[in-house]
1. Only one of Leu150, Leu145, Leu109, Leu160 is in contact with a Pro (Cβ under 9 Å, 6 or more places away or on another chain), hydrophobic (A, V, I, L, M, F, W, C) and touching a residue at least 24 places away in the same chain (Cβ under 8 Å); which?
2. Is it true that Ser244 is hydroxyl-bearing (Ser, Thr, Tyr) and free of Cβ contacts under 8 Å to residues at least 40 places away in the same chain?
3. Filter segment 41-84 for residues that are of a type outside the set (A, V, I, L, M) and either within 8 Å of the ligand (Cβ to nearest atom) or within 19 Å of the chain's Cα centre (by Cα) (or both); which is nearest to Cys281 (Cα to Cα)?
4. Exactly one of (1) touching a residue at least 60 places away in the same chain (Cβ under 8 Å); (2) in a helix (DSSP H, G or I); (3) under 17 Å from Thr159 (Cβ atoms) is unmet by Ala198. Its number?
5. Can you go through Gln86, Gln66 and tell me which one is under 26 Å from Val279 (Cβ atoms) and either touching a residue at least 40 places away in the same chain (Cβ under 8 Å) or not charged (D, E, K, R) (or both)?
6. Scanning for something farther than 30 Å from Gly104 by Cα, buried (at least 24 other Cβ atoms within 10 Å of the Cβ), touching a residue at least 12 places away in the same chain (Cβ under 8 Å) and not assigned by the TED database to the domain that holds Lys8, does segment 264-287 turn up at least one residue?
7. What helices (runs of 4 or more DSSP H) lie completely within segment 85-186 and have 3 or more residues being more than 14 Å from the chain's Cα centre (by Cα) and in the same structural domain as Asp25 (by the TED database)?
8. Go through (1) within 16 Å of the ligand (Cβ to nearest atom); (2) farther than 27 Å from Arg107 by Cα; (3) crowded, with 23+ Cβ neighbours inside 10 Å for Leu199 and report which single condition fails.
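The values are calculated or read from the model by the stated rules, or taken from the named source; none is laboratory data. Values in this document were obtained by computation on a predicted structure and should not be read as measured data. Here the Cβ positions follow ideal geometry from the backbone for every residue, glycine too, while neighbour counts run over all protein chains shown.
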Amino acid sequence: MKEFAPGKINLALRVGKRRADGFHDVDMVMQSISLADTITLEEAPTLTLTIDSSALPCDERNLAYQAALVFEKWTKIKPAVHIHIQKRIYLAAGLAGGSADAAGVLRILNRYYGKPLSRGQLEEAAAEIGSDVPFCIAGGTQRALGRGELMRPLPPSPTLWMVLAKPAALGVSTAEVYRALDGVKDRKETDTDACVAALEHHDTKALLSALNNDLEAVTLEKVPFLVALKEAMLRLGAEKAMMSGSGPTVFGLVKDEETACRLKEKLRETFSQDLLLDVACTEEEYYG
Ligand code: ATP
């Protein structure tokens, strides 16, 4: 069996107060993108996991492995399968790669064992693994509140083509970025309602002007190269450029696939730094 595990970008990311449990309240618009990992499942005597990336462990430290254990806890079914993950989503990049894999493993195990869990139960189980995992169960376009686990469906975003760019050697710890945000004085919070209204009115222009991410205040300050990357994207033809999640991935939105491919090449020519570059879009048919 095979399952796609799409990454996400945030169209809006507003961070509220730090809560007693250490998490922050958020109000985000999350959007699946066509940059996806691929998960395959085969029958096996016991649970095993392999990944085509040597940077990731294949044991309980891996969110995909944790997902298989959570599935067992919820269903009392001991998975006897071999799971393999082909990684394409950049690591520690603000694209929810680990969460996407965890959600993909929950989905594929549920399918393999005859759907013992409903979608609601899958989302609840997913919340035990991480804040972004419930969103990744169904993906698409959703508003996420609480610590990210309380979701409301939104009308799908218009098709947005983009170039994703991430300095190859740079990863960011989401927890550290949230901690650092508490120290930022007088910050202006993202207007998530404006983003939601633009989606409800299918208004691409309003959507582009509503895009905003509170976490840029921390990561762009820490990594000035990302400011240069955003500026270059705008100079080279992107209509809007923004960081996804806690970064460091930056996405530049353009009008179509051809323009995205051209922007990707121009970025490769402009920077000597080793950049991971991909063209992606928000259209469902491309991510599974
Ligand atoms: P988010 O946007 O949800 O904060 P991210 O894109 O910033 O996520 P991930 O790529 O999900 O970050 O990785 C965060 C950490 O999770 C990494 O440091 C990595 O070691 C760990 N991890 C565990 N399992 C996985 C997995 N299957 N894929 C990627 N990272 C994983």
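1. Residue meeting the stated conditions: Leu109.
2. So Ser244 fails the test.
3. So the residue we want is Ser53.
4. Condition (1) is where Ala198 drops out.
5. None of the others qualify; the one that does is Gln86.
6. No, segment 264-287 contains no residue that is farther than 30 Å from Gly104 by Cα, buried (at least 24 other Cβ atoms within 10 Å of the Cβ), touching a residue at least 12 places away in the same chain (Cβ under 8 Å) and not assigned by the TED database to the domain that holds Lys8.
7. 97-112, 119-127
8. So Leu199 meets the others, but not (1).
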